[in-house]
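Trainee: Quick one: this structure, given as structure tokens, is what I'll be asking you about.
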Amino acid sequence: GVSNDGTVGKIERIGQKALSTSCGAGIGAYKAIMGSASDEEKAFLGTKDFQEEYIIAKLRDRLEPIKGQPSSNETVTFVTNKMYDLVWEMLRSEINAYTTKASFWDETTEVTLLGGIVINRGHGDGVPGGEDYYQPLMLKSLTKDGESDIYGDVFGDFPALAAPHRNAKYV
């Protein structure tokens, strides 16, 4: 998310007076990995939130390039992209598990995959609601004969950050 003042990773929410984190899981993992989590946040980790622990474990090495940098719009954007990579890899693994089965294509002719990042804008009390955005990063069609990258046909030129996802293969 992006707040009305342009802060990446924070948004206004109805019922809350202050900005709040737009992706709690990603930002929580980022704080834990960078060592900036509060004592309360640290006490919670490892006791109740196994999904967050998984994200931290999978994200830790991916955040090495920004280790030691102060939190900024750029670092939070980097974390967001690495979270997308993590989800994308999990999804791709699940898709591979099914599409490589001999019987999968008996009743299925095509699987279309669209991946991207939702950019929420603030909608807090007394704050005019911003327009939310969707940034597509990948669009592929899978058939028994292979896969086709159809991003360009649908969206035209793609942003540079979409390139790794467009080049990823399924098998």
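Trainee: For segment 79-113, which residues satisfy the criterion of being open to solvent by less than 40 Å² (accessible area, probe 1.4 Å), among the polar types (S, T, N, Q) and under 20 Å from ASP61 (Cβ atoms)?
Mentor: ASN81 - this is the single residue of segment 79-113 that is open to solvent by less than 40 Å² (accessible area, probe 1.4 Å), among the polar types (S, T, N, Q) and under 20 Å from ASP61 (Cβ atoms).
Trainee: Note down all Cβ pairs under 6 Å where the first residue falls in segment 105-130 and is at pLDDT below 90, the second is part of a loop (DSSP other than H, G, I, E, B) and hydroxyl-bearing (Ser, Thr, Tyr), and they're at least six residues apart or on different chains.
Mentor: The qualifying pairs are ASN120/SER22; GLY122/SER3.
The values are calculated or read from the model by the stated rules, or taken from the named source; none is laboratory data. All values derive from a computational prediction rather than experimental measurement. Note: ideal-geometry Cβ built from the backbone for every residue, glycine included; neighbour counts use all protein chains shown. Just so you know, the surface numbers come from the protein's heavy atoms only, side chains and all, with ligands and any DNA or RNA stripped out. Shrake-Rupley method; radii C 1.70, N 1.55, O 1.52, S 1.80 Å.
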